[in-house]
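A.B. asks: Have a look at this one.
The values are calculated or read from the model by the stated rules, or taken from the named source; none is laboratory data. Computed from a prediction, not measured in an experiment: that's the story for all the values here. Cβ atoms come from the backbone with ideal geometry, glycine included; neighbour counts cover every protein chain shown. Just so you know, the surface numbers come from the protein's heavy atoms only, side chains and all, with ligands and any DNA or RNA stripped out. Shrake-Rupley method; radii C 1.70, N 1.55, O 1.52, S 1.80 Å.
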Amino acid sequence: MSNALNKDAVLAALKEVKLPGANVDVVTIRLIGDVLVEGDQVRVAIVKTSEKDETIAGVQDAVAARLNRLEGVGSFEIVIDDRSAPKKKAPTGPHGQSPDPFADRKRIPGVDKVIAVASAKGGVGKSSVAVNLALALRDSGKRVGLLDADVYGPSVPTMLNIEGGPEVTEDKKILPVVAQGLQTISMGMMMAPDQAVIWRGPLVFSAIKQFLKDVVWDELDYLVVDLPPGTGDAQLTLVQQVPLSGVVMVTTPQEVALADVRRGIRMFEQVEVPVLGIVENMSYFVCGKCGEEHDLFGRGGGAQVAEAYRLPLLAEIPIDSSIRKGGDEGKPAVLNDGSKVREAFLQLAGRVSELAVSVD
Ligand code: ADP
């Protein structure tokens with residue numbers, strides 16, 4: 001007697017199916033939804049959100065081919081669970097109340113466009129991108145603020161060489177610290193170096209809320225927000241408080257980071273925040289001696305995922321010791337005239353300016 005077919009066997013087989021054109025499998029990247037197995041009959045759902053029709057068709061063919069070869073499968077059905085249609089209006093509840101999760105969203109006074117810099121995991125260079133992007137926008141003549149909401153590792157004070165905290169007025173309003181031409185505020189300015197441990201759960205949320213409510217910005221074209229990494233409640237709550245012009249997703253070319261990015265994209269889609277595109281950080285390495293470009297982690301992964309999810313690849317940022325050194329020393333690398341890093345960040349700032357829209 002052959003082993004009975006079950007859901008785990010089907011999922012294990014589908015883990016061999018790659019997303020067309022990318023080196024990541026369709027199970028890891030959560031393209032496979034419900035899997036039902038009854039006897040020798042299998043039903044698999046493919047979850048479609050922002051992927052192109054061709055991508056989904058390619059996945060469907062590849063899944064069918066794999067199920068055809070899977071031992072114990074008598075017949076199978078593949079359905080598309082289409083979650084891509086934008087919800088136009090939140091439904092009204094049974095008593096006429098609005099369950100609109102965005103009812104609390106309020107514009108930040110004095111700020112035209114809010115751009116969040118996000119990453120699904122830590123250490124991919126999100127804060128470095130946020131700081132250098134803010135400075136690149138400033139260099140293109142914009143008035144820019146930087147809100148460091150990364151409560152778990154606020155790095156903006158170090159990166160911009162800021163000591164001390166903001167001024168707080170009698171009516172408890174917080175005045176941002178001006179550094180290198182940016183109006184900035186950071187969780188790191190509000191806590192002693194050994195205080196990080198208390199920033200948990202509801203405290204994180206109320207601290208972020210206070211920053212959004214009580215900081216007085218002076219006429220900004222852009223407020224760049226360095227979000228905490230991940231897709232937890234803190235980020236979700238934050239994006240529900242303020243209308244965002246868009247999110248810049250930072251990733252590295254490695255497969256694991258790309259699978260995480262997909263999860264991040266989905267979270268922002270769920271709250272109807274536009275993802276402007278993807279930044280592939282640590283994309284390639286420029287040899288200091290010969291000037292040649294080397295692809296250490298498989299450059300181009302970001303481009304493949306951007307293409308599959310119909311998102312622009314906004315920039316590829318090289319691995320460059322000036323980014324780490326500049327961050328540690330309070331002299332961000334974008335300030336180095338004529339460098340590849342500066343060029344990449346100016347390109348990013350240009351794309352962000354093109355794509356970000358004012359929101360009410
Ligand atoms: P995150 O905000 O995602 O946790 P950081 O911006 O703090 O990441 O970056 C993590 C570390 O990697 C820092 O030491 C930073 O200086 C370094 N780093 C980030 N991007 C690059 C890069 N492109 N080249 C070299 N070092 C980088």
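A.B. asks: Could you list, in sequence order, all residues of the range 260-284 that are assigned to a helix (DSSP H, G or I) and either more than 16 Å from the ligand (Cβ to nearest atom) or among the acidic types (Asp, Glu) (or both)?
C.D. replies: Asp260, Arg262, Ile265, Arg266, Met267, Phe268, Glu269, Gln270
A.B. asks: State which residue is farthest from the ligand (Cβ to nearest atom) when the search covers only the range 171-188 and only residues that are polar (S, T, N, Q) and open to solvent by less than 10 Å² (accessible area, probe 1.4 Å).
C.D. replies: Applying the filter and picking the extreme gives Thr184.
A.B. asks: Can you find a residue in the range 157-170 that is surrounded by fewer than 14 Cβ atoms within 10 Å (Cβ to Cβ), of a type in the set (A, V, I, L, M) and closer than 18 Å to Pro109 by Cβ?
C.D. replies: Within the range 157-170, one or more residues are surrounded by fewer than 14 Cβ atoms within 10 Å (Cβ to Cβ), of a type in the set (A, V, I, L, M) and closer than 18 Å to Pro109 by Cβ.
A.B. asks: How about the range 310-360: which of its residues are within 20 Å of the chain's Cα centre (by Cα), open to solvent by 40 Å² or more (accessible area, probe 1.4 Å) and under 22 Å from Val156 (Cβ atoms)?
C.D. replies: Ile319, Leu346
A.B. asks: Right, next: Does the range 36-45 include one or more residues that are surrounded by 14 or more Cβ atoms within 10 Å (Cβ to Cβ), within 24 Å of Met267 (Cβ to Cβ) and not aliphatic (A, V, I, L, M)?
C.D. replies: No, because not a single residue in the range 36-45 is surrounded by 14 or more Cβ atoms within 10 Å (Cβ to Cβ), within 24 Å of Met267 (Cβ to Cβ) and not aliphatic (A, V, I, L, M).
A.B. asks: Which one of these does Ile323 not meet: (1) touching an Asp or Glu at 6+ places or on another chain (Cβ under 9 Å); (2) of a type in the set (A, V, I, L, M, F, W, C); (3) within 10 Å of the ligand (Cβ to nearest atom)?
C.D. replies: The failed condition is (1).
A.B. asks: Considering Lys7, Lys87, which residue is at pLDDT below 90 and open to solvent by 80 Å² or more (accessible area, probe 1.4 Å)?
C.D. replies: Of the residues listed, the single one that is at pLDDT below 90 and open to solvent by 80 Å² or more (accessible area, probe 1.4 Å) is Lys87.
A.B. asks: Would you pick out the residues in the range 312-355 that are aliphatic (A, V, I, L, M) and part of a helix (DSSP H, G or I)?
C.D. replies: Ile323, Ala333, Val334, Leu335, Val341, Ala344, Leu346, Leu348, Ala349, Val352, Leu355
A.B. asks: Among the residues of the range 71-83, write down those that are surrounded by 14 or more Cβ atoms within 10 Å (Cβ to Cβ) and out of contact with any strand residue (DSSP E or B) (no Cβ under 8 Å at 6 or more places or on another chain).
C.D. replies: Hit for the range 71-83 is Gly72, nothing else.
A.B. asks: Looking at Val59, Val26, Val42, Val47, can you tell me which residue is touching a Ser or Thr at 6+ places or on another chain (Cβ under 8 Å) and in the same structural domain as Glu77 (by TED's automatic domain parsing)?
C.D. replies: Val42
A.B. asks: Among Ala130, Ala120, which is assigned by TED's automatic domain parsing to the domain that holds Asp328, open to solvent by 20 Å² or more (accessible area, probe 1.4 Å) and in contact (Cβ under 8 Å) with a residue 60 or more places away in the chain?
C.D. replies: Ala120
A.B. asks: Does the range 133-148 hold any residues that are surrounded by fewer than 24 Cβ atoms within 10 Å (Cβ to Cβ), touching a residue at least 40 places away in the same chain (Cβ under 8 Å) and of a type in the set (Gly, Ala, Ser), and which are they?
C.D. replies: Once the filter is applied, which keeps residues that are surrounded by fewer than 24 Cβ atoms within 10 Å (Cβ to Cβ), touching a residue at least 40 places away in the same chain (Cβ under 8 Å) and of a type in the set (Gly, Ala, Ser), the range 133-148 yields only Ser140.
A.B. asks: Which condition number in (1) in contact with a strand residue (DSSP E or B) (Cβ under 8 Å, 6 or more places away or on another chain); (2) more than 17 Å from Val305 (Cα to Cα); (3) not basic (Lys, Arg) is the one that Ala4 fails?
C.D. replies: Here Ala4 clears every test but (1).
A.B. asks: Can you pull out every residue in the range 107-155 that is of a type in the set (Val, Ile, Thr), near the ligand (Cβ under 10 Å from one of its atoms) and not in a strand (DSSP E or B)?
C.D. replies: Result: Val124, Val129, Val131.
A.B. asks: Looking at (1) in contact with a strand residue (DSSP E or B) (Cβ under 7 Å, 6 or more places away or on another chain); (2) open to solvent by 10 Å² or more (accessible area, probe 1.4 Å); (3) within 25 Å of Gly58 (Cβ to Cβ); (4) more than 16 Å from the ligand (Cβ to nearest atom), which is the only condition Leu244 fails?
C.D. replies: Result: Leu244 fails condition (3) only.
A.B. asks: Please enumerate the residues belonging to the range 48-65 that are of a type in the set (Gly, Ala, Ser) and either in a loop (DSSP other than H, G, I, E, B) or open to solvent by less than 20 Å² (accessible area, probe 1.4 Å) (or both).
C.D. replies: Ser50
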